[in-house]
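The values are calculated or read from the model by the stated rules, or taken from the named source; none is laboratory data. Please read all numbers here as calculations on a predicted model, not as lab measurements. Because the Cβ atoms are built from the backbone with ideal geometry, glycine has one as well, and the counts that use them run over all protein chains shown. These area figures cover heavy atoms from the full protein model, side chains too; ligands, DNA and RNA do not enter into them. Shrake-Rupley method; radii C 1.70, N 1.55, O 1.52, S 1.80 Å.
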Amino acid sequence: MSLGGYNGKILRVNLSDGSFEVDPLPKSWVKDYIGGDGFGVKLLFEEVPGGTDPLSADNKLIIGTGPITGTMWPMSGRTVFISKAPLTGIWGESHVGGFLGPELKYAGYDMLVVEGKAEHPVYIRIEDTHLELCEASHLWGSTTDQTTINIKKAHHDPDIQVAAIGPAGERLVRFASVIVNHARAAGRTGMGSVLGSKNVKAIAIRGHGGVDVYDHEGFFELAKKAHRRVRENPQAREMGKWGTWILTAVKQEIGELPTYNHRTGVFPGFEKLTGDYIRPRFTISDRACFGCSLGCKKVNYVKTGPFAGTLEEGPEYEGLMAFGSSLGIDDYATTLKANQICNRYGMDIISAGATIGFAIEAFENGVITEKDTGGLKLEWGNREQAIHLLEMIAARQEFGNLLAEGSKRAAESIGKGAGKYAMHVKGLEVSGQDGRTHRSIGLGHATAARGADHLRSLVVVDQLGYEDVAAKRWGADKLPEIIDPYTEKYKATAVVESENAYCIRDTLIVCWYSVSWPPIFWMEDFAEMLPFATGVKHFGSVKNLTEIAERVVTMKRLFNKREGITRRDDNLPDRFTKEPMPEGPGKGQTVDLDPMLDDYYRLRGWDLKTGLPTEETIKRLSLEWTKAHS
Amino acid sequence: MLILPSQLVVDYTKCTGCRICELACTAKKEGRFQPSLARLKIVRYDDLGIDLPNVCGPCETAPCVDICPVYAIRRDPISKMTFLDNDRCILCKSCVGACVNGVILLDTKRMRIIKCDHCGGDPECAKACPTGAISYSHVSVAPSLDRHDKISSYLREIERTAQESGGAE
Ligand code: SF4
Ligand code: SF4
C-alpha cells in the first residue's frame, strides 16, 4: 500500500560535524502516531534521554508536520517545534501558523531534526535536495525580521520560508521564541533558546515539490466542502473580523479576564482592549495563514501617542491580556508595541508579561526592592516601564537578566516567599484563563504536559454554554453540570475528551480555530478525511483515533515521568486554589483540584496516587518499548 | 479598444494571503498540491501586512501573444482569453519574461510552459477564494486602468513605510 500525504523522509542535520542525513520515515510510526506531535514524542522519547540539559548539545529540536500539511484542508499550514524545554525542563512543544511546515513538505521532508551544536553561528538552508549550513555570524545580534529579509535577499528568493530567532534566543532567555513570517511565533517553552544554544540563527526552507494525497479527487472535494463549512459558520466569520480580540469582552463579562497578575478577573479598562475599540482605530489589513479561509490575523498601525509609528501584526488575545489587563494597562498601543518587541527579539509574550507581572506584585509586597531593580519603582499600569522591562529582558540587561529566567526561577533566586507571586505550573507561566471561573481549565492547566497550557485541553464548549454540542460529545445525562463553569463535576470527562481531539488536531496538524473554537471539526471529521488523505483505513474510526490520542498523551506523560514529574506537580498556584475570586460573576470561587485530578487519572488509566500511567495502560497502548528508554 | 469579456478580477485589499487559490489551482491542473506550479501567484509582504494576488490578465495588449515567435500563444477570438498551444511551443521562454503579471512559468521537471487558461471559463481559484479577492467577472478597460492606479498608490505606500521602518522586503 502506498501512503498518501507523507513524503516518507526525515531530514537530520548534525550541527557538530555539519552533516545532513535523510532517514526513511518508519512506516510503523504512521499507524500508531499519525504525525506532528505523535512523531515528535516518539522521536524525542527515544533519542533524548532523561536528565538531558535542554540547552546542551545533547538536546534535539524537531520541526514537525503532519500528513495533511501542505494540502488544501482548512487551516492545515501549521508547524510544530518540539524539544526538551529550557523553561520547564520537561516536554516542550510549540505550534505555529504561517507557511513554514508546508514549505518543508514541498521540499520533500516530513520532519527536520536538529542535533548537536555548531561551533559558530549558522543558518540551516534547505532547498529541495540542496542542503547546507550557511555562515550566520553577520546575522548574530540582528532581529528576526532583519534576519528573514537578509536571508531572502542573499538567495534572491522572496519565497523562502524562514524561521528565525532573535537576540533573546541567542542570549538564552528561557522563554525565547522562534518567529516565522515576521509575526507568527512558536512562542511557548523556550524553543528559541534551544536554537540559540546550538548556534542556529535561522532555518530557511524552500521547496518546489508537491504533496500527493491518497485519493486526490475525493480529498479535494472533501476539502472544498470543509472550506465551505468554515466560510458559512457565523462564529468563524466573526473571528475573521475580530480575530482573538473577540475574547476580551467575553472574558470580562464572565469575570475571567486575568488582571493584576491573575489577582482578579475583572479589569475596569477592558474596553480599550476589545475588538470593537481596536479594529476601527488601528487595523489596516486582515491576513491568514496557509490554507486558512478564516483569516484571524490583523495588521495594525499606531498613529499617535508614545508608540506612534508602530506597524505590527497582533497581538492575540493572550498578548492583550499579558501586557494589558494583567499589568493593569488599558492601552492597546502598548500591547502592540510589546508584541513587536517580542516578535523582533524573539520572546513569548505570555511568559514575558507574566514574569513582569510577577515582578510588579513582588515589588508591591516588598519582596523585590529597588536594590534588585536598579532603582526602578515597579508599578501597575505603567506603559513605558513595561516596555522598558521587556527590552531589558531581551538584552538580559541588569534586572532583566533575572526576569529572563522566567517567573519560577526568578522567584527561586529571590527567595523570601516570592514564589507566591509567580503564576506558573511546572515552570510555564499561566495563560489568560482562570480555573476559578472556568473549572475545566484549572484541571487543564494542572495536567497539561508542558505546564499551564491553554492549547492542549481548553474546553470551550462548557464555558460558552454550547448545550447541544456538550450533549452530543459527552452525553445529555451529564448536563447541566458539565457545562457549569463553577463545579468540578464531570470536568475531567470534558477535559480528557477535548484533549484527545486536540491531540489528533496536533498530529495532522491543523489550527486550534475551527476545531477547539468555533466547534466546526471534531474527531468524526478527521476520521472521515484521513483515509482519503493517507489511504490508512485504520484512521477511519473515531475509536482508533481516540486510542492514538491516548497513546500520545500518555507518552508525553512518560517523557515527563523521566524528569521526575508526578501527581505532586499537577498543581496550580495557590492563587487559584486558595484565594477566592474577589469580584465579578465568579466572586468567591476557588478551584478544588483533587477530585478533578482523581477523575482525570481514572479516565486516563493513570495511577491515582502517583499520577503515572499504570502497567495495564502501558500495555493497552503498546508502550512497553518505552521501558528500554527509562 | 478591445472589450474583454469575463476576466479574473483582483481586489488586493480583500486578499489575506492564504494561498488557497494556488492550492486549488494545482489541485485541479496538476492533480496534486504544488503551489510552485500554480498558474497564479500570491506575493506576500509579511512586514507590511500586504498580499498581492498576481493572476493572468486582464491584458488589453498581451505581451505574451506579441512576443511569441512561433504564434504558440494566441487570443481566443470569442473569449479573448490568451491561451498556449503546447504543440507549437518551442520552449524559448520569451513569454515567461514578457508576462507583466509574472504568472507564466517554465516547469523544468517536465519541460513545458505553464500558463493559466481561466479553466475554460470556470476558474477554480475564484471559486476557492474565501474573501472575494479574486472573482471572475466582466471587465472593461476602465477597471484595469483602475487597478494600475491602485497598485501604483500601493507601491508608493510600500516605499513610504519601508523608509519609515528603515528596511523592507
Ligand atoms: S483560472 Fe484556473 S488555471 Fe487559471 S489561475 Fe485560476 S485555477 Fe489556475
Ligand atoms: S484565495 Fe483569495 S484571499 Fe486567499 S490568497 Fe488567494 S486571492 Fe488572496
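Which residue is surrounded by the fewest Cβ atoms within 10 Å (Cβ to Cβ), if the candidates are limited to the range B:26-40 and must be facing chain A (nearest Cβ under 8 Å) and in contact with a strand residue (DSSP E or B) (Cβ under 7 Å, 6 or more places away or on another chain)?
B:ARG32
May I ask you to say which residue of A:ASN560, A:ASN544 is open to solvent by less than 50 Å² (accessible area, probe 1.4 Å) and more than 27 Å from A:ALA422 (Cβ to Cβ)? Before you say what the answer is, go through the steps one by one.
Values: A:ASN560 fails: more than 27 Å from A:ALA422 (Cβ to Cβ).
Only one candidate qualifies: A:ASN544.
So which pairs qualify, if the first residue must be in the range B:41-59 and more than 9 Å from chain A (Cβ to nearest Cβ) and more than 14 Å from B:VAL9 (Cβ to Cβ), the second must be of a type in the set (D, E, K, R) and surrounded by 23 or more Cβ atoms within 10 Å (Cβ to Cβ), the Cβ gap must be under 6 Å, and the two must be at least 6 apart or on different chains?
Hits for this filter: B:ILE42/B:ARG19; B:ILE42/B:ASP51.
Identify all residues within the range B:1-18 that are in a loop (DSSP other than H, G, I, E, B) and either open to solvent by 20 Å² or more (accessible area, probe 1.4 Å) or modelled with pLDDT under 90 (or both); write none if there are none.
Within the range B:1-18, B:MET1, B:LEU2, B:ILE3, B:LEU4, B:PRO5, B:ASP11 meet the criteria.
Out of (1) outside any helix (DSSP H, G or I); (2) open to solvent by less than 10 Å² (accessible area, probe 1.4 Å), the odd one out for A:VAL41 is which?
Single failed check for A:VAL41: (1).
Testing A:GLU318 on (1) in contact (Cβ under 8 Å) with a residue 12 or more places away in the chain; (2) on the phi > 0 side of the Ramachandran plot; (3) not β-branched (Val, Ile, Thr), one condition comes back false. Which one is that?
Of (1) in contact (Cβ under 8 Å) with a residue 12 or more places away in the chain; (2) on the phi > 0 side of the Ramachandran plot; (3) not β-branched (Val, Ile, Thr), only one is false for A:GLU318: (2).
Which of the residues spanning the range B:10-31 are within 11 Å of ligand 1 (Cβ to nearest atom), within 13 Å of the chain's Cα centre (by Cα) and acidic (Asp, Glu)?
Within the range B:10-31, B:GLU22 is the sole residue that qualifies.
Where residues in the range A:118-132 are part of a strand (DSSP E or B) and open to solvent by less than 50 Å² (accessible area, probe 1.4 Å), which of them is nearest to the other protein chains (Cβ to nearest Cβ)? Step through it out loud before you land on a result.
Filtering the range A:118-132 for residues part of a strand (DSSP E or B) gives A:122-127, A:130-132.
Now narrow it down to the ones that are open to solvent by less than 50 Å² (accessible area, probe 1.4 Å): A:122-126, A:131.
Numbers: A:VAL122: 22, A:TYR123: 17, A:ILE124: 20, A:ARG125: 17, A:ILE126: 15, A:LEU131: 18 Å.
Here the answer is A:ILE126.
Does B:LEU23 fit the bill of being over 25 Å from A:ASP212 (Cβ atoms) and open to solvent by less than 50 Å² (accessible area, probe 1.4 Å)?
no
Residues checked against (1) outside any loop (DSSP other than H, G, I, E, B); (2) surrounded by fewer than 24 Cβ atoms within 10 Å (Cβ to Cβ):
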| position | (1), (2) |
| --- | --- |
| A:LEU87 | no, no |
| A:SER94 | yes, yes |
| A:TYR106 | yes, no |
| A:GLY141 | no, yes |
| A:THR147 | yes, no |
| A:ILE151 | yes, yes |
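Restricting the first residue to the range B:5-17 and requiring it to be within 14 Å of chain A (Cβ to nearest Cβ) and in contact (Cβ under 8 Å) with a residue 60 or more places away in the chain, which pairs with a second residue that is open to solvent by 40 Å² or more (accessible area, probe 1.4 Å) and more than 6 Å from ligand 2 (Cβ to nearest atom) meet a Cβ separation below 7 Å and a spacing of at least six or different chains?
B:THR16/A:ASP286
Does the range B:72-91 include one or more residues that are under 26 Å from B:ALA128 (Cα atoms), aromatic (Phe, Trp, Tyr) and either in contact (Cβ under 8 Å) with a residue 40 or more places away in the chain or open to solvent by less than 40 Å² (accessible area, probe 1.4 Å) (or both)?
no
Taking B:VAL43 as meeting all but one of (1) of a type in the set (Val, Ile, Thr); (2) within 15 Å of ligand 1 (Cβ to nearest atom); (3) under 25 Å from A:ALA183 (Cα atoms); (4) buried (at least 20 other Cβ atoms within 10 Å of the Cβ), write down the number of the exception.
B:VAL43 satisfies all of (1) of a type in the set (Val, Ile, Thr); (2) within 15 Å of ligand 1 (Cβ to nearest atom); (3) under 25 Å from A:ALA183 (Cα atoms); (4) buried (at least 20 other Cβ atoms within 10 Å of the Cβ) except (4).
Any idea which residue in the range B:121-135 is nearest to ligand 1 (Cβ to nearest atom), counting only those that are within 21 Å of B:PHE83 (Cβ to Cβ) and open to solvent by 20 Å² or more (accessible area, probe 1.4 Å)?
B:ALA126
Before we move on, is A:ILE520 surrounded by 22 or more Cβ atoms within 10 Å (Cβ to Cβ) and outside the structural domain of A:SER293 (by TED's automatic domain parsing)? Write out each step before concluding.
Working: surrounded by 22 or more Cβ atoms within 10 Å (Cβ to Cβ): no; outside the structural domain of A:SER293 (by TED's automatic domain parsing): yes.
In short, no.
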